[in-house]
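Take a look at the structure below.
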Amino acid sequence: MDTLFSRNLTPTSVKDLDDVFARAKRAQERWAKESVATRAKKFLQLREVLVRKSESIAETIHQENGKTLIEAITCEVIPSLELLTLFAERAKKILKDRPIPLRNPMLLSRQSYLNYWPLGTVAVIAPWNFPLYLAFGDIALAILAGNSVVFKPSEYTPWVGARIQELFDEAGFPIDVLQTVQGDGLLGAAIVEHGPAKIFFTGSAKTGKAIIAKAAERLTPVVLELGGKDAMLVLPDADLDLASSAALWGGYVNSGQVCSSIERILVPENLSDDFTARLKAKIAAVPADNWGTITMDKQKNVYEAHLADARKRGLAIEVGGEFNVERTKLQPTIVRGKGIEESLVYREETFGPVVAIATYRNIPEGIEKVNDSQYGLVASVFGRDLSLAESVARELQAGSVLINEVTYTAGVPETPWGGIKESGIGRKHSDQGLLEFVNVRHIHKPRYSWLSFKAVWWFPYTPFQAELFRTWVKTYRLSVFERLKVLPHLLWSLVQFLKKEPRI
Ligand code: NAD
């Protein structure tokens, strides 16, 4: 029997957390003693287990979350393998000590470097929409960096959570380095209250705000990966065939339950009909079994509210807008019409297979419309002239801007992932993402032991020091060449001073 089925998935009680965190602390102290190279080696074992179990893991994701099997593999298993492979190779380089060049000539005798060390026990609180990859990535990097993890999967995808635990256990990670606890938001809140070394949260902006408010009481640091209302800006010279195919995938993959779904499309006024017709035709051409299902009722209520608001405003539901008989799927939907910019479907995260198409008159207005959102996770620009597209990209307020592509760079672990505004704080993936899991220790030391001497700015303060530092201030106005001219004089005065005037 698969170990999954022998697991007890009864909810973890808040009272149990004391014991969970105590065990996590002990496990972390031992784990942190392993070198980064040893930890990275374990990742190759983990990769082996994930490859071996990939089909059954994808099946669990499919059963519990409703996405198609192929999406479970392409959007969850493969990115997880990519992430393991990349960071097993790169961790040693990213986490090694890093020298800091010191510019001030007064500090010639000294040197500085950064030293990274684990945070301790961190919390990973995850959503249900990518129940494997989003949690797995955070857990893996946390453990690679020498931390232990208390992990709470979404209450809607507990079995996938249990399977993540199984992967780490089977790969031979030490006991309690990862502990999966099962429960809803109340357990999540209790984890936050427990004061982990850092909280890695992926979920809605509403919960993110509640977490950061609670975390502030203890100054617990947080990384928050929150929602989005991602826009695609179709430039006047765009290849509409490419752009409409991208919108099809970006808007409806995983039934639109993606933080970086294309939820708004901005099209030049004169191209709107053509673009919409292409997208409609492409929706009709997708085989029925390519569409996944909606994961939960909570989402259906949001879709209903957004569509009711659109109808009330007289917007056109160009296609879709209806649930299937079992209410497990909402037809891929396009909403368009005058005044759409004020509607819920354009302004608030729908998190479903609904795309709002709006128009713009000129590129500056298009840019302004993309940026007119409380979110800023991902934006995309479509255009044939790459240099124009790139100059537009550099004006967009988002954590990532993709040119002639959509949605997918969370699955490219070399690149940073995260948002601005209400889309979050901090970054996942990339060197920067791994560094979120460590403390930074700055070490400052003499270059050689014989260069250990009392500093000129120590007590006692003498007239010579006052003069020396006033002269020093004036040098900031001088050109580099003039500064070089006075430097030998300053240094010589300093040496004379140090010889004659013993410091306390
Ligand atoms: P959610 O905020 O409802 O729940 C996320 C997690 O937080 C769950 O595990 C939940 O139990 C827990 N939780 C709820 N209340 C809590 C509290 N007070 N304290 C601590 N934990 C608490 O989000 P969801 O519905 O699971 O996920 C959908 C949202 O996630 C969407 O807004 C989506 O855009 C966002 N998301 C963002 C990213 C990203 O990378 N930026 C990725 C995926 C999903």
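Coupling constants for the range 115-131 follow from the phi torsions by the Karplus curve (6.51 cos²θ - 1.76 cosθ + 1.60, θ = phi - 60°), and in residue order they are 10, 9, 9, x, 7, x, 9, 10, 9, 10, 10, 10, x, 9, 6, 10, x Hz; glycine and proline get x.
How would you order 315-321, 38-44, 77-83 from highest to lowest mean count of nearby Cβ atoms within 10 Å?
77-83, 315-321, 38-44
Note on the chain: antiparallel DSSP beta bridges, both residues inside, total approximately 35 percent of the bridges counted. Using a probe radius of 1.4 angstrom, the carbon and sulfur fraction of the accessible surface of the chain is 57%.
With everything on Cα atoms, drop me the angle between helix 297-312 and the longest principal axis of the chain, reported from 0 to 90° to the nearest 10. With both axes taken from Cα atoms, the answer is about 70 degrees.
For residue 483, the solvent-accessible surface computed with a 1.4 Å probe is close to 80 Å², ligands and nucleic acids excluded. Of the whole protein surface, residue 62 contributes about 60 Å² of accessible area at a 1.4 Å probe radius. Once the 1.4 Å probe is applied to the protein heavy atoms, the chain comes out at 46 Å² accessible per residue. Heavy-atom accessible area with a 1.4 Å probe sorts 89, 304, largest first, into 89, 304.
When each of the peptides 10-19, 51-60, 253-262, 116-125 is scored by the mean number of other C-beta atoms lying within 10 Å of its residues, the order from highest to lowest reads 253-262, 116-125, 51-60, 10-19.
Of all alpha-carbon pairs in the range 230-415, indicate the percentage at a distance above 28 angstrom. Of the Cα pairs, 17 percent sit more than 28 Å apart. What is the helix-to-structure angle for 463-475, meaning the angle in degrees between its Cα long axis and the longest Cα principal axis of the chain, kept from 0 to 90 and rounded to the nearest 10? Value to nearest ten degrees: 40.
Compute the helix-to-body angle for 78-95: its Cα long axis versus the longest principal axis of the chain, expressed 0 to 90° and rounded to tens. Result, in degrees: 0.
Tell me, rounded to the nearest percent, the portion of alpha carbon pairs in the chain spaced more than 38 Å apart. Here the tail beyond 38 Å accounts for 39 percent of pairs.
Treating the range 401-473 as a set of equal point scatterers at the Cα positions, no solvent, please give the Debye-formula log₁₀ I(q)/I(0) at q = 0.25, 0.28 Å⁻¹. So the normalised log intensities are -1.18, -1.23.
Measuring max minus min along each principal axis, the C-alpha atoms of the range 456-500 give extents of 32, 17, 13 Å (largest first).
Counted over the range 145-268 with a bin width of 5 Å, the fraction of Cα pairs per bin, in whole percents, is 2, 9, 15, 15, 15, 12, 11, 8, 7, 5, 1, 0.
Helical runs assigned H by DSSP (4 residues or longer) give the chain a calculated mean residue ellipticity at 222 nm of -13500 deg cm²/dmol, each run adding -39500 (n - 2.57) before division by the residue total.
The values are calculated or read from the model by the stated rules, or taken from the named source; none is laboratory data. Note that the structure is predicted; figures quoted are calculated from it, not measured. Ideal geometry is used to build each Cβ from the backbone, glycine not excepted, and the neighbour counts take in all protein chains shown. Side chains included, ligands, DNA and RNA excluded: accessible areas come from the protein's heavy atoms. Shrake-Rupley method; radii C 1.70, N 1.55, O 1.52, S 1.80 Å.
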